[in-house]
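Q: Please find one structure pasted underneath; my questions will follow.
The values are calculated or read from the model by the stated rules, or taken from the named source; none is laboratory data. Since the structure is predicted, the reported quantities are computational estimates derived from the model, not experimental observations. Note that each Cβ is placed from the backbone with ideal geometry, even for glycine, and that neighbours are counted across all protein chains shown. Side chains are part of the model used for accessible areas, which takes the heavy atoms of the whole protein and leaves out ligands, DNA and RNA. Shrake-Rupley method; radii C 1.70, N 1.55, O 1.52, S 1.80 Å.
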Amino acid sequence: MTVNTTPTIEDVSQILKLLGDKTRLTVIKLLEIRECCVCELVEVLQISQPAVSQHLRKLKDAGWIKENRKGQWIYYSLNSANAHWELVQDLFKHVPSQEQELKMLEKNGMCCE
């Protein structure tokens, strides 16, 4: 269920600040394609697990992603129920796809399956 509200200037400022980070923007674009676990994001982003976890925490705290536990793994996906989902969807149209990164990961083998 998507809740549509008109964002304030403060809302837009916070969204742009959060997504102004290249790593978080990349994570969002990856999750736009499919859900991912931390180890997949570590592999694609080529940064440490603690660094990925910090970015995920910020995105989760802002309500842009959600968690889904599958056995010992936690998978992350986009939260389309976010109040400003439509605004971010409009922004996503202007950001290059990260599908090639996930294809490369699949070619090299998934670490969480």
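Q: Among the residues of region 69-113, write down those that are touching a residue at least 40 places away in the same chain (Cβ under 8 Å), of a type in the set (S, T, N, Q) and open to solvent by 40 Å² or more (accessible area, probe 1.4 Å).
A: 80, 97, 108
Q: Might you check whether a residue that is of a type in the set (Val, Ile, Thr) and in a loop (DSSP other than H, G, I, E, B) occurs anywhere in region 41-58?
A: Taking every residue of region 41-58 in turn, at least one turns out to be of a type in the set (Val, Ile, Thr) and in a loop (DSSP other than H, G, I, E, B).
Q: Restricting to region 59-111, name every residue that is among the aliphatic types (A, V, I, L, M) and part of a helix (DSSP H, G or I).
A: 59, 87, 88, 91, 102, 104, 105
Q: Further, regarding this structure: Sort out which residues of region 48-75 are over 15 Å from residue 31 (Cβ atoms), of a type in the set (Gly, Ala, Ser) and at pLDDT 90 or above, and write them in order of number.
A: The answer is 48, 51.
Q: A further question on this structure: Tally the residues that are surrounded by 17 or more Cβ atoms within 10 Å (Cβ to Cβ) and touching a strand residue (DSSP E or B) at 6+ places or on another chain (Cβ under 9 Å), restricting the search to region 41-68.
A: 7
Q: Looking only at region 11-34, filter to residues that are without any contact (Cβ under 8 Å) to a residue 12 or more places away in the chain and assigned to a helix (DSSP H, G or I); which one of those is least open to solvent (accessible area, probe 1.4 Å)?
A: Filtering region 11-34 for residues that are without any contact (Cβ under 8 Å) to a residue 12 or more places away in the chain and assigned to a helix (DSSP H, G or I), the one least open to solvent (accessible area, probe 1.4 Å) comes out as 13.
Q: Take the residues of region 76-94 that are aliphatic (A, V, I, L, M) and under 13 Å from the mean Cα position of the chain (by Cα): which is modelled with the highest pLDDT?
A: 78
Q: Residue check, residue 74 against (1) more than 20 Å from residue 97 (Cβ to Cβ); (2) out of contact with any strand residue (DSSP E or B) (no Cβ under 7 Å at 6 or more places or on another chain), all met but one. Which one?
A: Single failed check for residue 74: (2).
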